[in-house]
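Worksheet for the structure shown next.
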Amino acid sequence: MPRYLPSLLLLGLLTLGGCSSLPALGPADNGVAALTGKEAKEALRLARVLRDNGRLSGAYEIYERMDQRQQLKGVYLIEFASVAAQVRSPRETFALYNRAREELGGNLQAMAAPQRLALCSGLARSRLAMGGAELAARDFQCALDVEPNNPQNLNGLGVALNIQGQNQAAREAFEKALAIDPANAAATNNLALSWLASGDSARAIGLLNQPREDREASLQLNLALAYVLDGHDDTARRVLLQTLDPSYAEPILRDFQATRERIANGAPLASELLAASQRPLALAEHN
């Protein structure tokens with residue numbers, strides 16, 4: 001398998017996964033009764049309000065202060081780690097999830113299902129972001145043993161398998177994620193990029209061209225790339241102009257055409273796909 005494809009798939013996992021890793025630990029774990037002290041209970045309530053309203057940096061700062069005061073134990077560390085995963089490095093996040101696992105006894109199989117699900121999926125994402133695909137696949141499978149039809153974890157498992165060269169198993173994971181959640185942009189992108197990297201532009205186009213209520217910019221960009229690789233430049237231009245101003249669309253189209261030419265001259269397909277994906281994704285963020 002070309003070594004560049006995993007980077008492409010990992011990008012899809014991390015940038016399109018959103019806040020799906022924020023866990024729901026169950027009604028019993030959502031209370032604050034287990035905390036001692038009025039100050040700690042009020043701090044936790046505020047952190048959760050900030051978290052639930054998308055103010056993750058502010059929530060992280062409160063959890064961090066609570067942790068420094070040794071007010072967070074067990075499931076509360078999982079909460080802290082889930083917020084940290086959105087704003088801190090994978091290494092820091094992994095350390096928090098690992099601490100939570102140890103404080104809850106270390107044996108994932110013996111834990112309550114919500115705790116096991118949150119820990120396994122959190123550890124998996126952290127490991128994958130640090131390049132540990134084999135252990136990440138194990139942890140994603142741990143999470144799927146608890147919740148088999150979780151599309152985010154199926155997508156993550158697919159990325160981890162693809163990095164290890166298990167391409168067919170990876171595609172099956174992406175396809176299962178899409179069977180459960182047809183609108184899952186991360187799994188759609190990853191499956192389409194997998195087909196593109198194998199040289200099957202037609203299958204990638206078919207997947208990316210399926211009707212959707214809300215077209216993700218990344219899906220449109222990958223669709224345009226697939227059309228260019230298949231020789232349909234005018235169609236690619238129309239796709240780009242649906243979501244981008246001409247001042248953005250035309251340079252992207254030229255870049256895609258240059259990519260096609262380099263591939264025709266013998267450049268590695270997967271490395272060219274990676275290069276083609278980087279600039280359009282950056283531009284899409286400004287629209």
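General observations
- Top-ranked residue of segment 247-265 - restricted to ones that are within 17 Å of SER201 (Cα to Cα) and not charged (D, E, K, R), ranked as surrounded by the fewest Cβ atoms within 10 Å (Cβ to Cβ): ALA264
- Members of segment 121-138 that are out of contact with any helix residue (DSSP H, G or I) (no Cβ under 6 Å at 6 or more places or on another chain), surrounded by fewer than 24 Cβ atoms within 10 Å (Cβ to Cβ) and not small (Gly, Ala, Ser): GLU134, ARG138
- Filter result (among the charged types (D, E, K, R) and at pLDDT 90 or above) within segment 214-229: none
- Residue check, GLY12 of a type in the set (Gly, Ala, Ser), under 30 Å from SER194 (Cβ atoms), at pLDDT below 90 and in a helix (DSSP H, G or I): yes
Quick grid of which residues meet (1) among the aliphatic types (A, V, I, L, M); (2) in a helix (DSSP H, G or I); (3) more than 24 Å from ASN53 (Cβ to Cβ); (4) more than 17 Å from the chain's Cα centre (by Cα):
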position: ALA85; (1), (2), (3), (4): yes, yes, no, no
position: ARG101; (1), (2), (3), (4): no, yes, yes, yes
position: CYS142; (1), (2), (3), (4): no, yes, yes, yes
position: PRO148; (1), (2), (3), (4): no, no, yes, yes
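- Among the candidates SER126, SER89, the residue that is closer than 30 Å to ALA169 by Cβ, without any contact (Cβ under 8 Å) to a residue 24 or more places away in the chain and within 16 Å of the chain's Cα centre (by Cα) is uniquely SER89.
- Answer residue from segment 156-182, given it is of a type in the set (Val, Ile, Thr) and touching a residue at least 40 places away in the same chain (Cβ under 8 Å) and is farthest from LEU117 (Cα to Cα) among those: ILE163
- Contact annotation: residue pairs with Cβ atoms under 9 Å, 6 or more positions apart or on different chains, pairing a residue in segment 247-269 that is free of Cβ contacts under 8 Å to residues at least 40 places away in the same chain with a partner that is among the hydroxyl-bearing types (Ser, Thr, Tyr), are ALA249/THR243; PHE256/TYR227; ALA267/THR259.
- Search result, residues across segment 266-275 that are more than 17 Å from ARG203 (Cα to Cα) and assigned to a helix (DSSP H, G or I): SER271, GLU272, LEU274, ALA275
- Qualifying residue in segment 146-162 (condition: over 25 Å from LEU44 (Cβ atoms), surrounded by fewer than 16 Cβ atoms within 10 Å (Cβ to Cβ) and at pLDDT below 95): no
- Tally, over segment 28-70, of residues that are within 26 Å of ALA113 (Cβ to Cβ), at pLDDT 90 or above and not in a helix (DSSP H, G or I): 0
- Inclusion of ALA173 among residues that are surrounded by 23 or more Cβ atoms within 10 Å (Cβ to Cβ), among the hydrophobic types (A, V, I, L, M, F, W, C) and modelled with pLDDT of 90 or more is warranted.
The values are calculated or read from the model by the stated rules, or taken from the named source; none is laboratory data. In this text, all values refer to a predicted model and were calculated from it rather than measured experimentally. With ideal geometry, Cβ positions are generated from the backbone for all residues, glycine too; neighbour counts draw on all protein chains shown.
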